[in-house]
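The block underneath contains the structure these notes are about, expressed in structure tokens.
Rule-based calculations on the coordinates, nothing more; no lab input. Since we're looking at a predicted model, the values are computed, not measured. Neighbour counts run over all protein chains shown; Cβ positions are idealised from the backbone, glycine included.
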Amino acid sequence: MDVFALFSARITNALKVLYPQVSDELLSRLVVEPPRDPAHGDLSTNAAMLVSKPLGKNPRDVATALVDVFKNDPDVVSVEIAGPGFINFRLANSIWHQVLRTIAEQGADFGKSNLGGGEAVNIEYVSANPTGPMHVGHTRGAVFGDTLAALMAYSGFDVTREYYINDAGSQINTLAGSTLLRYREALGETIEIPSGFYPGDYLVPVGQALKEEFGDSLLGRPDSEVLPIVKDRVLAAMLELIKADLAKLKIHHDFFFSERQLHGPGGDIELTLAWLREQGMVYQGRLEPPKGQLPEDWEDREQTLFRATDYGDDTDRALIKSDGSYTYFAADIAYHRNKFLRGFNHMAIVLGADHSGYIKRLQAAVKAVSRGAAEIDVRICQLVRLMRNGEPFKMSKRSGDLVTLADVVEEVGADAVRFMLCYRKNDASMDFDFALVKEQTRDNPVFYVQYAHARTYSIFRNAEKELPALDFGPNALKSAEFERIVTSAELDLVRVLAAWPRTVAAAAVAHEPHRVAFYVHELAAAFHGFWAKGKDDPQLRFVNQSDPKLTLARLALVDAVRQVIVNALGILGVSAPEELS
């Protein structure tokens, strides 16, 4: 039950009766939300101001007509006009009782919706170069992308979680050369790793595996024969290493796309460029010099350009380098056309802080290759700074001195990593404080929320001790007399529960998983606050030995809190422990 959606529908229907000439498109912009000041009521709507101008009426006159409709609604205690035409509703307790009943009946499905209508959505995230284990710099994008995917799936979208394997660039040649050195080392040679190669010990097992498979038969053979063999083995090994690292954070992808598919004769880039030429989206021309210091690789020459400005970009984009090879952007266009041809009109991609300049060009590419039928949301994750002893870590795959994703998870746990990285909007920089996320205090958000969940179980254990004869199984809780929930403290807690369906739907529409983390922390705070009131006021305690029916109703409230916390943490990929050590 979404209280806000319920009243949005009722207000919409009332407007259709009062003013049949109002269009559905206009009514789709109607907003029902909590008022800024809770003292003004439970709901507020802009309905009167939305339709008054097209109707040629004063907003307060429209508001007065709407107020008259709802004056006799049994679910409305009062309805008032505020300011230029806002309408504030104060709802009857029966609405909040129905919220509790709905949570008891729907359980894990409370908050789920068919908002997406089964639409296919492709979410690409991580896509780190397969040249070593995942380092901590990839972690925020991995968590954000995975949580966004869970959020979209929860809201009725058909989500594909995709990983783009960068296995066609020069870094793969470097990786293969580094692996050959480890192969020679496995055969007994003393090696020295040149500058620019990958020195990490994670390549030692790959070298050993090559020795076991080939003995010394790869020695002395030309690179043209050896490198393809080594590339295949080391790429497979690195991809398995990356999958294992991601699994430590409970992250799994549905589809891995190889960049190699884009290149070569008959590859996606060649096919896409041919298609772009047929559509008149490519021309031969010169680019204006970029502002500021010129990049080292910039050339003032006639070249093959994509008409990116026709599709919202700031400049047209080069597709072919002076040496005849394709630009990275040519591969980007081909890859996203591939996504579109696979049936994805709705795409999202999660990129690092150094890719903010990619937003407009990727949006232009998708708009062009889909003829406007598809769209892409480019989400940028800002940097996370890890602090230890007041000093940030230095991260570099090639230096061998890197902080890995696995290192962070091993020290603080997957739950702390996932929750904390979602507890800030993705485009805001953040520090990750190792000391804070291991504290068992209210200052540690993940502990605070998990403790609220564990506290619900503690309340049930205490109830079992104090009222051993009371049945508070699932069926009993569904049949509780919710009408006994009447105090302002109880109803305030139910109001927070009632906000969950609206919150999760809005988060899915906005592609903002942090809203889920914020919400569940707010719910935990409300629950802890209510529990504290019960310590001071015996009338608010969950267990009342002289009134089993009231106890059962309050236990149903506790169970509703437990369920919504579980639902929210499920989206975040965070566990909900029954006890905390």
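For the chain, the residue among I571, N475, F70 whose Cα projects farthest onto the positive side of the dipole built from Cβ charges is F70.
Taking GluC sites (Glu not before Pro) across the stretch 246-316, the ones in a DSSP loop with at most 13 further Cβ atoms lying within 10 angstrom of their Cβ are E296, E299, E302. Evaluated with a Cβ-only charge set (Lys, Arg +1; Asp, Glu -1), the chain carries a dipole of roughly 1200 debye about its Cα centre, given to the nearest 20.
Take every DSSP beta bridge whose two residues both sit in the chain, then give the antiparallel share in percent to the nearest 5. Each step should come with its number before you reach the end.
Working: 21 of 45 bridges.
Bridges in the chain that DSSP calls antiparallel: roughly 45 percent.
Here's the list of lysines a cross-link from K533 could span, going by alpha-carbon distance under 28 Å and ignoring same-chain residues fewer than 8 apart: K438, K465, K478, K549. Only Cα pairs under 8 Å and 6+ residues apart enter the sum, and on that basis the relative contact order of the stretch 270-389 stands at 21 percent. Ranked by the mean number of other Cβ atoms within 10 Å per residue, highest first, peptides 537-549, 345-357, 507-519, 204-216 order as 507-519, 345-357, 204-216, 537-549.
Separation of the stretch 354-377 and the stretch 484-533, taken as the distance between their Cα centroids, equals 36 angstrom.
Place the peptides 376-383, 428-435, 126-133 in order of packing, highest mean first, counting for every residue the other Cβ atoms within 10 Å and averaging per peptide. Kindly include the intermediate steps, with their values, before the conclusion.
Working: 376-383: 19.4, 428-435: 13.8, 126-133: 21.8.
Order by mean packing, descending: 126-133, 376-383, 428-435.
Annotation for the stretch 215-313: chymotrypsin sites (Phe, Trp or Tyr not before Pro) lying in DSSP loop with at most 12 further Cβ atoms inside 10 Å of their Cβ are W298.
Span-like helices, the chain: DSSP H, alpha-carbon axial extent 18 Å or more, mean Kyte-Doolittle -1.0 or greater, which ones?
3-18, 93-106, 139-154, 170-186, 223-247, 328-341, 445-466, 514-536, 548-572
Distance between the C-alpha centres of the stretch 448-474 and the stretch 1-71: 41 Å, rounded to the whole angstrom.
Does the stretch 314-427 come out rounded, prolate or oblate by the C-alpha gyration tensor, with a ≥ b ≥ c the root eigenvalues, rounded set by a/c under 1.5 and, if not, prolate when a/b is larger than b/c and oblate if not? Verdict is prolate for the stretch 314-427. Our helix-only sum for the chain, with -39,500 (n - 2.57) per DSSP H run of n ≥ 4 divided by its residues, gives a mean residue ellipticity at 222 nm of -15000 deg cm²/dmol. Each Cα pair under 8 Å and six or more residues apart adds its sequence gap; the mean of these over the residue count of the chain is a relative contact order of 16 percent.
With contacts taken as Cα pairs under 8 Å and at least 6 residues apart, the stretch 398-504 reaches a relative contact order of 13 percent. Straight-line reach from K57: taking Cα to Cα under 19 Å and skipping same-chain neighbours fewer than 8 places apart, the lysines in range are K16.
On the principal axes of its alpha-carbon atoms, the chain has extents of 88, 65, 41 Å, going from largest to smallest.
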